[in-house]
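One structure below.
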Amino acid sequence: MIIGHLPSGYIASKLLARKISNNRINITVFIAFGMLGGVAPDFDMLYFHIIDNRQHHHHTYWPHFPALWVVLLLLCTIWYRVSSIKRVPIYGLIFSACGFMHLLLDSIVGDVWWFAPFVDKPYALFIVPTLYQPWWLNFILHWSFVLEMIVVLWAIFLWKKNDKN
């Protein structure tokens with residue numbers, strides 16, 4: 001997924017914000033944490049380009065390990081359960097949930113090492129054939145890009161709907 005992670009974080013946090021608004025959370029901060037979580041696994045792109053010089057697939061770095069996001073989700077869930085102040089751990093929960101969702105979305109047409117760091121094997125539902133240069137044209141001209149556009153349009157719809165309320 002190329003352009004769908006930020007809007008998917010917005011969609012998830014926006015829809016969940018309605019369900020948990022009784023926790024006296026700041027909805028804007030909640031949505032911001034969801035959007036940040038939606039793109040957080042791709043922070044490894046800095047390392048990929050600046051330090052690693054694009055020598056390894058960026059999904060092999062620890063921010064793309066599903067185990068990391070599962071552990072974060074579990075820790076935030078425990079924190080939420082034991083804390084008397086629910087506001088802060090709920091921000092951690094939406095951040096972690098959207099980080100994990102990032103990996104689910106990447107798995108549609110991108111390799112994700114679902115059992116890393118224990119198993120060095122990538123998994124993807126579909127393969128994007130390499131037909132064009134530059135590389136990103138292969139993704140934009142693939143049928144899966146329609147899914148990304150649906151996510152973007154859904155996020156715009158929710159955002160515009162919010163403006164009317």
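Rule-based calculations on the coordinates, nothing more; no lab input. Remember, predicted model here, so these are calculated numbers, not experimental data. Here the Cβ positions follow ideal geometry from the backbone for every residue, glycine too, while neighbour counts run over all protein chains shown.
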Amide proton proximity set for residue 114, modelled H, under 5 Å, gap of 5+
123
Whole-Hz Karplus couplings 3J(HN,Hα) for segment 26-40, θ = phi - 60° and coefficients 6.51, -1.76, 1.60, Gly and Pro as x, run 7, 4, 4, 5, 4, 5, 4, 5, x, 5, 4, x, x, 10, 4
Going from the fewest other Cβ atoms within 10 Å to the most, one would list 144, 96 as 144, 96
What list of ³J(HN,Hα) couplings, whole Hz, do you get for segment 62-73 from phi and the Karplus terms 6.51, -1.76, 1.60, once you set θ to phi - 60° and write x for glycine and proline?
4, x, 9, 7, x, 4, 4, 6, 5, 4, 4, 4
Relative contact order (%) - segment 5-164, alpha-carbon pairs under 8 angstrom, separation at least six:
24
What whole-number distance in Å separates the alpha-carbon centres of segment 1-52 and segment 105-165?
15
Among the chymotrypsin sites (Phe, Trp or Tyr not before Pro) in segment 47-120, which ones are in a DSSP loop with at most 10 other Cβ atoms within 10 Å of the Cβ? Mind listing them?
118
What ³J(HN,Hα) values, in whole Hz, does the Karplus curve 6.51 cos²θ - 1.76 cosθ + 1.60 give for segment 125-138 when θ = phi - 60°, with x put for Gly and Pro?
6, 9, 9, 8, x, 8, 10, 10, 10, x, 3, 5, 4, 4
Under unit Cβ charges (Lys, Arg +1; Asp, Glu -1), what dipole magnitude, rounded to 20 debye, does the chain have relative to its Cα centre?
980
Cleavage-rule hits (trypsin sites (Lys or Arg not before Pro)) in segment 47-143: DSSP loop, at most 10 neighbouring Cβ within 10 angstrom:
54
Calculated from DSSP helices alone, with each H run of at least 4 adding -39500 (n - 2.57) and the total divided by the residues of the chain, [θ]222 nm to the nearest 500 comes to -19000 deg cm²/dmol
Compute the acute angle (0 to 90°) between the alpha-carbon long axis of helix 145-164 and the principal axis of greatest extent of the alpha-carbon atoms of the chain; round to the nearest 10°.
20
